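**Q** Got a structure for you, written out below as structure tokens; questions coming shortly.
Every read-out reported here was derived from the displayed coordinates using simple, explicitly stated rules and does not represent laboratory data. Keep in mind the model is a prediction, meaning the values are calculated, not measured. Because the Cβ atoms are built from the backbone with ideal geometry, glycine has one as well, and the counts that use them run over all protein chains shown.
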Amino acid sequence: MASRVSLKTKGKGGKGSKGSDEKSAAQCLKEWSTWAMKKAKVATHYGFIPLVIIIGMNSEPKPQLYQLLSPV
Amino acid sequence: MAGIVPPATTAVPADVSHTAHTKHDEKTDYMNLPCPIPYEELHREALMSLKPETFEGLRFDFSKGLNQKFSLSHSVIMGPTEIPSQSAETIKIPTAHYEFGANFIDPNLMLIGRVLTDGRLNARVKGDLTDNLTVKANAQLTNEPHMSHGMFNFDYKGKDFRSQFQMGNGALFGANYIQSVTPHLSLGGEVFWAGQHRKSGIGYAARYETDKMVATGQVANTGIVALSYVQKVSDKVSLATDFMYNYLSRDVTASVGYDYILRQCRLRGKIDSNGCTTSYLEERLNMGLNFILSAEIDHMKKDYKFGFGLTVG
């Protein structure tokens with residue numbers, strides 16, 4: 001059991017040194033895609049309704065700006 | 001004169017034989033089948049009649065069109081909302097929301113966005129890339145982490161078939177396909193794979209429709225068997241019935257409902273085998289002004305929900 005434990009720690013130490021130096025391509029891709037999805041989620045959350053309003057205000061026939069706010 | 005009469009007498013038998021010929025053609029023209037309805041709308045008629053959007057409390061919707069394609073909507077919803085609880089009792093918390101929505105509806109592009117006061121966004125996008133290929137996206141985004149959902153669908157519409165590929169967050173992938181087999185019958189199937197829960201499923205569906213009735217059936221390996229039948233009794237009245245059976249959890253629900261579409265109002269009601277009756281009335285008071293009454297009485301759970309609302313525009 002003691003030998004098993006020492007083998008385990010050796011393995012962990014080995015992996016640790018490798019991880020700090022280089023990451024595999026799949027891991028890199030995963031991290032970047034997660035970062036991109038997070039940014040996309042924030043952008044969509046804040047920007048979707050303004051995007052719809054901008055597209056709508058520029059469609060023909062162009063509505064006036066006061067029509068956005070007035071209840072008539 | 002002699003010339004006029006013979007064409008008339010010869011025209012009638014030719015017409016009769018022509019219609020008989022076209023009926024024969026309709027019966028056997030398997031190359032010219034109509035395009036089936038999309039897979040997710042298989043139970044459309046039954047859902048419209050049996051599952052109206054009941055609510056509890058007050059609902060006020062104001063929709064304002066700025067031009068043909070662009071409109072804004074304001075909604076106020078006040079009432080108790082259920083929160084999921086482990087016990088058999090339903091727990092309700094009174095809430096009040098204001099929801100702002102912007103819609104842009106074009107033949108090629110449709111954008112619908114709704115945002116609530118607590119920051120939840122509900123967005124739907126539908127775009128036609130080509131005549132046959134459509135992209136749809138659906139997202140519910142919240143401020144809480146890990147509670148947001150998004151789904152992309154790619155639809156391809158062929159001459160007598162439709163296929164769809166879906167991708168959602170949490171590694172959810174799905175595909176479905178539906179094909180017209182005869183002018184009245186369409187068959188389809190779907191597969192999905194949920195990475196996060198490590199579940200996969202396959203299902204089959206069939207839909208038989210005529211002018212007077214629609215019958216659908218759906219089976220899935222998650223244990224669900226869903227059958228529905230809608231009979232259009234007249235222009236104004238439809239009756240619908242629905243049967244859902246889960247063969248893994250031995251859960252059965254059957255419901256029967258009606259849908260009256262009259263000049264000034266639309267009344268839908270249904271009764272369930274779980275002891276739940278629902279009724280939904282939309283009354284047109286004036287041009288653009290609708291009054292809504294909704295009632296859902298669950299005798300088993302002793303849950304009584306009544307709602308009223310007004311829709312303007």
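**Q** Could you put B:Ile112, A:Ile54, B:Ile178, B:Ile271 in order, starting from the residue whose Cβ has the fewest other Cβ atoms within 10 Å?
**A** A:Ile54, B:Ile271, B:Ile112, B:Ile178
**Q** Fewest first, what order do A:Val42, B:Val225 take by the number of other Cβ atoms within 10 Å?
**A** A:Val42, B:Val225
**Q** Now, a different point. List the relative contact order of segment B:226-313 as a percent without decimals, with contacts defined as Cα pairs under 8 Å and 6+ residues apart.
**A** Reported as a whole number, the value is 16 percent.
**Q** Here's something else I'd like to know. If each of B:Thr142 and B:Val233 carries a label point 7 Å out from its Cα toward its Cβ, how far apart are those two points in nm?
**A** Modelled inter-label distance: 4.2 nm.
**Q** Determine the alpha carbon to alpha carbon distance for each of B:Lys69/B:Lys236; A:Lys39/B:Lys69; A:Lys41/B:Lys126; B:Lys126/B:Lys305; B:Lys136/B:Lys305 and list only those over 28 Å.
**A** The answer is B:Lys69/B:Lys236; A:Lys39/B:Lys69; B:Lys126/B:Lys305; B:Lys136/B:Lys305.
**Q** With just the Cα atoms of the protein assembly as shown, tell me how far they stretch along each of the three principal axes, in Å, largest first.
**A** 115, 54, 51
**Q** Please report the Cα spread of segment A:22-68 along all three principal axes, rounded to whole Å, starting with the longest.
**A** 57, 17, 9
**Q** Next question. Which whole-Hz ³J(HN,Hα) couplings does segment B:165-171 yield from phi under the Karplus relation 6.51 cos²θ - 1.76 cosθ + 1.60, θ = phi - 60°, glycine and proline marked x?
**A** Working through the residues one at a time gives 10, 10, 10, x, 6, x, 6 Hz.
**Q** Any aspartates and glutamates with Cα under 13 Å of the B:Lys92 Cα? List them, leaving off those in the same chain fewer than 8 positions away.
**A** B:Glu56, B:Glu82, B:Asp303
**Q** Going by C-beta contacts inside 10 Å, put B:Asp259, B:Asp61 in order with the fewest on the left.
**A** In increasing order of surrounding Cβ atoms, one gets B:Asp61, B:Asp259.
**Q** Further question: Taking only C-alpha pairs under 8 Å that are 6+ residues apart, what is the relative contact order of chain B in percent?
**A** 14 percent
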